[in-house]
1. Here is a check on your reading of the model: is Leu202 touching a helix residue (DSSP H, G or I) at 6+ places or on another chain (Cβ under 7 Å) and either β-branched (Val, Ile, Thr) or more than 16 Å from ligand 2 (Cβ to nearest atom) (or both)?
2. Which residue, of Asp180, Asp172, Asp167, is modelled with pLDDT of 95 or more and either surrounded by fewer than 19 Cβ atoms within 10 Å (Cβ to Cβ) or touching a helix residue (DSSP H, G or I) at 6+ places or on another chain (Cβ under 8 Å) (or both)?
3. Select from region 90-121 the residues that are farther than 13 Å from Leu249 by Cβ, out of contact with any Asp or Glu (no Cβ under 7 Å at 6 or more places or on another chain) and crowded, with 17+ Cβ neighbours inside 10 Å and list them in ascending order.
4. What's the number of the only condition in (1) surrounded by 24 or more Cβ atoms within 10 Å (Cβ to Cβ); (2) without any contact (Cβ under 8 Å) to a residue 40 or more places away in the chain that Cys195 fails to meet?
5. What is the residue count in region 145-175 for residues that are within 16 Å of ligand 2 (Cβ to nearest atom) and in contact with a Ser or Thr (Cβ under 7 Å, 6 or more places away or on another chain)?
6. Only one residue in Leu148, Leu168, Leu212 is within 16 Å of ligand 1 (Cβ to nearest atom) and touching a residue at least 40 places away in the same chain (Cβ under 8 Å), so which one is that?
7. Scan region 235-270 residue by residue and report those that are under 17 Å from Gly327 (Cα atoms) and of a type in the set (Ser, Thr, Tyr).
8. As an exercise: evaluate Ala142 against (1) over 30 Å from Cys10 (Cα atoms); (2) touching a Leu at 6+ places or on another chain (Cβ under 9 Å); (3) away from ligand 2 (no atom under 15 Å from the Cβ) and give the number of the one condition it does not meet.
Amino acid sequence: MARDGAVYVCQSCGAVQSKWAGQCPACGAWNSLAEEVTSRPPGALAPTRGSKTRGLAFEGLESETPEPPRIVTGVEEFDRVCGGGVVPGSAILLGGDPGVGKSTLLLQVVANAAARGASCAYISGEEAVEQIRGRAARMGLAQAPVKLAAETALRDILDGLKKEKFDLVVIDSIQTLWSDVHEAGPGSVTQVRNCAAELVRLAKKRGVAMILVGHVTKDGQIAGPRVVEHMVDAVLAFEGERGYPFRILRGAKNRFGATDEIGVFEMGDAGLSEVRNPSALFLNDGGARAAGAAVFAGIEGSRPVLVEFQALVAPSAYGTPRRAVVGWDSGRLAMVLAVLESRCGLAFGNRDIYLNVAGGLRISEPAADLAAAAALVSSALEEALPQDCVVFGEVSLSGEVRSVGRAESRLKEAAKLGFKQALAPTGAGDALKVTGVSRLADAVRRIG
Ligand code: TYD
Ligand code: MG
């Protein structure tokens, strides 16, 4: 076929340009445009004069065939994040930093699913079969009837997957695959996009659930990101802070379930173990609560999770005070500080402030405002909060403490873990002794 259309694809953001340029007009990356040949210019349809088209065949909303049941893998934390198991024929992208444990998680998922009777394949482009076997043996999964292959050529993978009927296939990773139809190298946006498109097509056509692994680049994007994200039905992120054994699986997009669900795992010598009660894990156990610590009663997805906010407010040695946050939004911290200053008469202007969410969890709920404020005030005043107290509530710019959703489940979870009282919005519930506050200044007075 003639080379009748060349386009330039940015290898960093995936944007398509008709002309080459030194800098990508879409994302600003330098030297990232690579030529890609299409058989026809985009948007040009071949004329169909003379031949009849089929037109559209419209259908009703209600289906006559019952939905096929989901594949329940038996790794419960994973199943829950997927929305109650994997939907047959769906495509899932699992992203995460190199070394976070994606291969470990998925080996566990396919081994468990296979042990429950699903027909599973694990195709690795990164490790040799012997390496994967070794890992499976260490994790005690060697007996699971998983079909294993080490392959990077897309054509061979597609052929292999067409020969057998699989329920669940893992491709580890999408960045290692290459298709001989395209000249670009493995890992380039062109290859990633085309290999993913072929695999997703096969998944839909043959009803195979396909999990694609994607490595995340330094700036937090899955290389060839948007192009793969919009092709798949679900995007999951596997996260973990360096130095902590905890790993969190988060849904970023899910056509078949909620996206605010998290799964919690702990990495050990024999792979990942599921953490059924994350609260116990994220709390600093034993010892008296120090000044600057506040236990937040949060909700992650469908579950209540208790986690400690730790703040340190110290006189600044430099002209510009430092503000450092781990596990929470720095914009939110600035807001809470501003409200504490202007509505409660506390001055933080010349102090360094460090805020940390213990255990490596990332909190994004507005309900954490009051817990962060309590930790900051407790540190500033050097007054520890009561050992058996949890805190939650949203803080508004006017200094009000607003009520938040699912207050009763937060209190119940805290009661289950031995907490006796709560600093919370007025009327939060009665599962614990609640000190109701309607203004942030009231809360500050309670602590000081
Ligand atoms: P891996 O699944 O290979 O990460 P990814 O596929 O995301 O790159 O996991 C790599 C890390 O996990 C590695 O640093 C070793 C650690 N690990 C354990 O601590 N215990 C185990 O049982 C396994 C299999 C790995
Ligand atoms: Mg890996």
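1. Numbers: touching a helix residue (DSSP H, G or I) at 6+ places or on another chain (Cβ under 7 Å): yes; either β-branched (Val, Ile, Thr) or more than 16 Å from ligand 2 (Cβ to nearest atom) (or both): yes.
When the stated conditions are applied, Leu202 passes them.
2. Numbers: Asp180 fails: modelled with pLDDT of 95 or more; Asp172 fails: modelled with pLDDT of 95 or more.
Only one candidate qualifies: Asp167.
3. Initial filter on region 90-121 (farther than 13 Å from Leu249 by Cβ): 90-91, 97-99, 103, 107, 110-121.
Filter once more, so that each one left must be out of contact with any Asp or Glu (no Cβ under 7 Å at 6 or more places or on another chain): 97-99, 107, 110-117, 121.
Asp97, Leu107, Val110, Ala111, Asn112, Ala113, Ala114, Ala121, listed by residue number.
4. For Cys195, the exception is condition (2).
5. Number of matching residues: 3.
6. Values: Leu148 fails: touching a residue at least 40 places away in the same chain (Cβ under 8 Å); Leu168 fails: within 16 Å of ligand 1 (Cβ to nearest atom).
Sole residue among the options that is within 16 Å of ligand 1 (Cβ to nearest atom) and touching a residue at least 40 places away in the same chain (Cβ under 8 Å): Leu212.
7. If the condition is that a residue be under 17 Å from Gly327 (Cα atoms) and of a type in the set (Ser, Thr, Tyr), then Tyr244 is the only one that fits.
8. Every condition holds for Ala142 apart from (2).
The values are calculated or read from the model by the stated rules, or taken from the named source; none is laboratory data. What you see is a predicted model; the values in this text were computed from it and never measured. We place every Cβ from the backbone using ideal geometry, glycine too, and count neighbours over all the protein chains shown.
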